[in-house]
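Notes follow once the structure below has been shown.
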Amino acid sequence: MGFFLPLSMLTYTGMEKKYIPTIGLEIHADLKTKSKMFCGCKNDPDEEKPNVNVCPVCMGHPGTLPFPNKEAIKHVLKVGVAVGGKNADFTEFDRKNYFYPDIPKGYQISQYKYPLVSGGNIKGVELTRIHLEEDTAKSSHDKGDYSLVDFNRSSLPLMELVTEPVIHDAKTAGDFARELQLILRYLDVSEANMEKGEMRVEANISISDDPNVLGTKVEVKNLNSFKVVEKAIEYEISRHIALLEAGEKVVQETRGFDENTGKTFSQRTKEDAHDYRYFPEPDIPKFKLSLIPEFSVENLKKELPELPEEKRKRLREVYGIKEADVEVYVQNLSIANFFERTIENFCDDKECVILASNYIVSDLMGLMKTSDGSFGQLFPSDFGKLIQLLKAGKLSSRGTKDTLAILFTEGGDPEKIAEEKGWILKNDPEALKKILEKIVSENPKVVEEFKSGKDSAVNSLIGVAMKETKGSASPQAIRETLIAILNS
């Protein structure tokens with residue numbers, strides 16, 4: 001049973017009617033294994049030379065027999081546990097029959113009636129199934145009057161996830177795909193890099209003016225970025241509305257998306273399941289998964305890491321950091337680990353935690369963007385000591401930022417660096433008072449403005465004091481001491 005958003009959030013208004021979009025997603029992800037799905041050839045998505053990781057099995061030579069990859073099956077079952085699906089006890093592979101140069105056997109080994117996983121839920125979107133199949137070869141059609149086929153990708157283990165048609169807007173679809181990518185990466189079953197084609201999204205879109213009736217479905221294939229997913233869905237919704245408003249019908253078909261024009265284009269009439277003439281793969285035995293102990297739900301659960309939604313909840317509850325910072329850490333595990341190692345060893349109160357998080361998300365990540373994305377020469381221990389100096393009032397914000405930049409590029413001890421640069425704040429009240437009394441005596445006009453009720457006049461004196469002390473005095477101490485002198 002699906003979930004439904006309030007109709008006020010779902011409807012798109014045409015000239016005469018209000019329309020409700022309904023979207024279902026089919027997402028393919030190449031799995032991380034040493035070998036291909038049904039043969040011993042290397043699974044190397046980064047191989048640049050064509051047709052080197054091939055053999056008679058993945059080339060579809062007559063008389064060859066497929067042998068299923070156990071690790072790929074385990075990967076899909078692990079995803080099933082992570083999303084709360086029901087893992088199958090009995091399963092089998094099927095032949096999906098169609099002719100195209102990228103599938104030399106004339107059929108693809110897939111799953112139809114008995115998928116590995118049924119049901120599940122990601123961010124409130126219910127899943128229909130998750131199954132396993134072999135990937136096709138890679139075709140290149142930009143060679144002029146001929147095409148080329150690279151079989152390195154042929155028969156790579158490919159997970160397909162299908163949602164229920166319960167999504168009603170483009171952003172929800174994009175957010176779902178982003179969360180699935182995170183889950184696959186947390187489980188370490190797929191890199192799911194969309195720019196490399198390791199994760200591909202297909203969107204099934206329909207609209208209707210009746211909340212109880214689905215419209216004609218159009219599939220948009222091979223969407224290769226989250227923004228493209230959202231743009232293609234928005235375009236299709238608008239296209240469907242324009243057709244219906246003009247008294248025309250939406251044709252059930254498969255379409256592609258042109259990123260240059262921002263429009264979809266027709267590719268072929270949409271097939272139904274019966275067009276593929278599915279039947280059980282005769283060369284692969286049926287599976288009774290309960291006979292394999294490592295495939296049990298109990299054992300798979302023991303291998304699960306902390307998942308993205310669990311991490312969000314823990315970061316909120318344990319550290320109390322702002323939502324934007326939580327999402328940064330959920331999206332980037334290396335930065336999250338850096339943050340937590342700092343907190344565990346150097347922060348014992350909320351103020352320290354918030355300071356550390358602020359400087360990681362703004363300043364440290366800014367430095368990382370200027371390099372190769374690494375932490376440079378910075379270690380959590382040195383960063384933790386730096387935050388302690390800031391919290392203790394020994395460094396100003398400016399001094400902290402400048403010291404951090406040196407730690408990042410050169411490494412070293414933060415307190416020693418700050419001392420050598422003259423950035424350690426001098427908190428000798430008497431010495432500071434003498435400096436400020438001299439500044440006050442040299443600026444009678446500003447003093448007169450302050451005494452006449454213009455409190456903001458003190459800010460110009462603070463600026464002079466910061467320059468005079470070369471940033472070695474706390475701005476707060478300067479302000480408090482100045483106001484005391486001015487009011488005396």
- Residue match in the range 436-453 (condition: of a type in the set (A, V, I, L, M, F, W, C), surrounded by fewer than 17 Cβ atoms within 10 Å (Cβ to Cβ) and assigned to a helix (DSSP H, G or I)): no
- Note on the structure: Residue hits (the range 245-263; out of contact with any Phe, Trp or Tyr (no Cβ under 8 Å at 6 or more places or on another chain) and over 21 Å from Ile20 (Cα atoms)) are Glu259, Asn260, Thr261
- Message: So, Ala431, is that one at pLDDT below 80 and not hydroxyl-bearing (Ser, Thr, Tyr) or not?
- Response: yes
- Look through Ser441, Ser472, Ser456, Ser452 and report the one residue that is among the polar types (S, T, N, Q) and touching a Leu at 6+ places or on another chain (Cβ under 6 Å). Ser472
- Go through the range 457-488 residue by residue and tally those that are touching a residue at least 40 places away in the same chain (Cβ under 8 Å) and assigned to a loop (DSSP other than H, G, I, E, B). 6
- Are any of the residues in the range 381-395 without any contact (Cβ under 8 Å) to a residue 12 or more places away in the chain, outside the structural domain of Glu179 (by TED's automatic domain parsing) and under 24 Å from Ser472 (Cα atoms)? yes
- Query: Can you find a residue in the range 320-328 that is of a type in the set (Gly, Ala, Ser) and either farther than 20 Å from Asp188 by Cβ or in contact with a His (Cβ under 6 Å, 6 or more places away or on another chain) (or both)?
  - Reply: yes
- Search result, residues across the range 127-173 that are on the phi > 0 side of the Ramachandran plot and surrounded by fewer than 19 Cβ atoms within 10 Å (Cβ to Cβ): Gly144
- Odd one out for Ile406, checked against (1) under 37 Å from the mean Cα position of the chain (by Cα); (2) buried (at least 19 other Cβ atoms within 10 Å of the Cβ); (3) hydrophobic (A, V, I, L, M, F, W, C): (2)
- Message: If I go through the range 189-209 residue by residue, how many of them are touching a residue at least 24 places away in the same chain (Cβ under 8 Å) and part of a loop (DSSP other than H, G, I, E, B)?
- Response: 7
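The values are calculated or read from the model by the stated rules, or taken from the named source; none is laboratory data. Here the structure is a predicted model, which means the values were calculated and not measured. Note: ideal-geometry Cβ built from the backbone for every residue, glycine included; neighbour counts use all protein chains shown.
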